[in-house]
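Just so it is clear, none of the values below were taken in a lab; they were calculated from the coordinates. No experiment lies behind these values; they were computed from the predicted model shown. Don't worry about glycine lacking a Cβ; one is built from the backbone with ideal geometry, like all the others, and counts go over all protein chains shown.
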Amino acid sequence: MLTIPLDPRPAEYHRLAREIAVLERSSLEPLRVAMLSSFTLDFLRPVMIVEGARVGFGVDLFLGDFGQLEQPILDSNSTLHGSPRDVLVLAFQPTDIAPGAFDRFYDTRGASLDTLCAELANRLLHSARAFRDRTGRPVLVANFATPATLPLGPFDASDPTGLTHRLAAHNAELAERVYTEPDVYIWDYAGLVREAGSSNWSDPRLQLLARVVVAPESQPAMARHLVRTIAALRRPPAKCLVLDLDNTLWGGVVGDGGLQGLQLGDDWPGSAYKAFQRAVLGLRDRGILLALASKNDEAVASEVFRSHPEMLIGWDDLAAIRINWEPKSINLRAIAAELNIGTDTLVLFDDNPVERAEVRAGLPEASVIEVPSDPTGYRNALFASSYFDQLGLSSEDRDRSEMYRVERTRTILQQEAPSVQDFLDSLEMEAEAGPAGSETLGRIAQLVGKTNQFNLTTRRHSPADLKRMAEADDTDVVWMRLRDRFGDQGLIAVGILERQEEDAHLDTLLMSCRVMNRHVEHAMISYLRERGAAMGCHRLIGEYRPTAKNHMVGDLFAEMGFAAHGRSDDGTLWEISLTEVSAWPAHIRRIDDSEGEPTI
Amino acid sequence: MSADKRLRQVFADVFGIEGDSVKDDDSPDTIDGWDSVAHLTLVFALEAEFTIRFEAQHIPELVSFRAIRERVTEKEQAAG
């Protein structure tokens, strides 16, 4: 295995790129990146290969002729379309199109910059759509970087309509437009330049000699940022951060020194742990679940949460708790089982290298953050880790932690209810179902992309394909939302029907695990039968394709009254008549069966 | 490592050739892959290796191993 130094020198990148091409190719996940840009990027090639290999990608980089945007995308004979690409990156900056855009900003008091950015955004969106629709592959659109040298220098931000604020507004508008576009995402080039330091980003010699905008010393940062962004397209985000307690959430060992002995507060050294707790809660805010795995006495440890005045993370913020003397890998497995998520969606943060090694060995599919020995570095270690990277945040993500907390209350209710039916009735569920539209396709694509357990066929359709299927006449993409007395569960089930003569084939049927065991699938099947009948079909054909993770739905069709219908290439087929009306479950109130969009 | 050895190592890394095989007269005409992109790569690899900085006007002139060695030596001496 080739060792890649932390910070290779420019010449070393060339040597390493050649060695990777020869030695490592087969062990890396192929990643074919195409870039179209308004500036020369030839120098990036070896750097991308090396930085890609560092995180497991075998990068094949295609670079268009600089300045060309529409032509290579629209021309089917262009070299861009000459071989398959996994992702397209569009990096176009206003100053490359109009060199005076920034320096002559006050010539028109920004009016010409506004026109330029609006036109460029139109071209980028148009091109991104064209490439996506043609190839079904995602597109990253670079936003606009603020230059190091501003028209008003250090006073530029004092002008509320000056360049600094205008560019920010244009970036917000670009993000707004990209947000509603399936399979098109922002590459935060502006953020990258800011983080790397805009004054070192360009080298005027290179810029004026050869139109090279990104200085050699900035290229590693650019490649890492781009690889991390692309990785977020390919690798689903982790779902749960599993935390240790002693010397992780606070300094000291609570079992030895008690509450008084702990380091936690606004002054050093307790400030390091408090800063870390804030960052952890930041993850919780955006839907990452928090769990504890600690070798401790539960009564002693929980006392810190209840009684320590400086604790920021509350006992209620935790979705699962394992405080015992078992090996951590076993506790992580138990946490995953309790939360109904895969062990490969767990991330451990533990100050103890021995525990980290135990989890790496005992649960290799889980991720483990390399924690620095100095606690002042904890916060940044958490931010630097890419495990929770997510290109777009849906409203379900933001509400997820709250939903899991409510789920714990619901479980208690279930234990108290005299019968399952009483429990289901007590939930006061309301379901709403409808055909997919622009408002729902984002969440649908997310569920199609990541649902493993309650997923009958596990077909990972791309967002572009889903959009096409939603619009086509012979396919029907539908969703179901669920509310109960505890709140809105959001969009939790997806079905895709495909008409084949008189049969409606169930290409996809999936449901979020958080509403399992509530007979919601009865409502979903009932709705799908209605939709199939509305397509003019006489039979609904269901398919079960077994995977390592979807055993729980192996008998679903039989339970729903389907009859066996033979085998498909990689699964079993099931049929049910559409001529009789199917019963909607009594414990779920149907609140709407409109053809339109749900109210979100 | 001597300056000559470091210079040859940069050539070896950038062009994928044996450092010792580089001759004084070697130029874009004799070394495979020494095109305009590789030229700038080479120049900036040299700057990073020797912690020097070439003026823009000299960059297009650094088109042989000899010319590069002379300019690097001059820069290193100027830096003291």
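Basic side chains Lys and Arg get +1 at the Cβ, acidic Asp and Glu get -1 at the Cβ, and with that the dipole of the protein assembly as shown about its Cα centre reaches some 360 debye.
Rounded to whole Å, give me the distance from the Cα center of segment B:34-77 to that of segment A:136-171. Using only Cα atoms to place each centre, the spacing works out to 34 Å. Relative to the dominant Cα principal axis of chain B, helix B:36-50 is inclined by about 40°.
In a reduced charge model with +1 at each Lys and Arg Cβ and -1 at each Asp and Glu Cβ, segment A:420-511 shows a dipole moment near 600 debye about its Cα centre.
A Förster radius of 25 Å, combined with the Cβ-Cβ distance separating B:Glu55 from A:Ala98, puts the computed FRET efficiency at roughly 0.30.
Apply 1/(1 + (r/R0)^6) to the Cβ-Cβ distance of A:Glu217 and A:Asp555, taking R0 = 45 Å, and write down the FRET efficiency to the nearest 0.05. My answer for the efficiency is 0.15. Between A:Ser307 and A:Arg109, full extension at 0.36 nm per residue minus the direct alpha carbon distance yields a gain of 65.5 nm. Principal axis analysis of the Cα atoms in segment A:34-191 yields extents of 47, 31, 26 Å, listed in decreasing size.
In chain A the longest region clear of GluC sites (Glu not before Pro) that are loop-assigned by DSSP and have at most 14 other C-beta atoms within 10 Å covers A:1-364.
Restricting segment B:1-47 to trypsin sites (Lys or Arg not before Pro) that sit in a DSSP loop and have at most 14 other Cβ atoms within 10 Å of their own Cβ leaves B:Lys23.
Projecting the Cα atoms of A:Ser329, A:Leu281, A:Val212 onto the charge dipole of segment A:195-338, computed from C-beta unit charges around the Cα centre, puts A:Val212 farthest toward the positive end. Based on the convex hull around the alpha carbon atoms, the protein assembly as shown presents an average projected area of 36.8 nm². What whole number of Å gives the distance from the Cα centroid of segment A:451-482 to the Cα centroid of segment A:521-596? Segment A:521-596 and segment A:451-482 have Cα centres separated by 14 Å. Stretching the chain fully between A:Arg234 and A:Ile591 yields a gain of 124.8 nm (0.36 nm per residue, less the alpha carbon separation). Residue separation of A:Glu326 and A:Gln68 scaled by 0.36 nm, minus their Cα-Cα distance, works out to 86.9 nm of gained length. Think of segment A:215-348 as having a plus end and a minus end, set by charges on the Cβ of Lys, Arg, Asp and Glu; of A:Pro309, A:Leu339, A:Ile230, A:Ile230 sits farthest toward the positive end of this dipole.
Among complete DSSP H helices in chain A, those whose alpha-carbon atoms stretch at least 18 Å along the helix's long axis and whose mean Kyte-Doolittle hydropathy reaches -1.0 are A:10-23, A:111-135, A:163-179, A:219-234, A:270-285, A:438-450, A:520-534. Per residue, the average separation of C-alpha pairs within less than 8 Å and at least 6 apart gives chain A a relative contact order of 9 percent.
When the trypsin sites (Lys or Arg not before Pro) in segment A:502-549 are filtered for DSSP coil states and for at most 12 other beta-carbon atoms within 10 Å of their beta-carbon, no site remains.
With contacts taken as Cα pairs under 8 Å and at least 6 residues apart, segment A:193-352 reaches a relative contact order of 23 percent. Working from Cα pairs under 8 Å separated by at least six residues, relative contact order for chain B is 31 percent. In this structure, A:Asn77 and B:Asp24 have a Cβ-Cβ separation that, at R0 = 56 Å, corresponds to a calculated FRET efficiency of about 0.75.
Here the scattering of chain B is modelled by Debye summation over its C-alpha atoms, one equal scatterer each and no solvent; at q = 0.12, 0.13, 0.27 Å⁻¹ the log10 of I(q)/I(0) is -0.29, -0.34, -1.68. Here the protein assembly as shown carries DSSP beta bridges of which approximately 45% are antiparallel, counting only pairs with both residues inside.
Pairs of lysines in chain A whose Cα atoms sit within less than 27 Å of one another amount to 14, provided the residues are eight or more positions apart or on different chains. Helical runs (DSSP H, four residues minimum) scored at -39500 (n - 2.57) apiece and divided by the length of the protein assembly as shown put the mean residue ellipticity at 222 nm at -12500 deg cm²/dmol. Placing dummy labels 7 Å off each Cα toward the beta-carbon, the span from A:Gln500 to A:Ala130 is 3.7 nm. What's the center-to-center distance, using Cα atoms, between segment A:177-254 and segment A:77-96 in Å? That distance is 20 Å. Simple spin-label estimate for A:Gln421 and A:Asp317 gives 4.4 nm between the two label positions (7 Å along the Cα-to-Cβ direction from each Cα).
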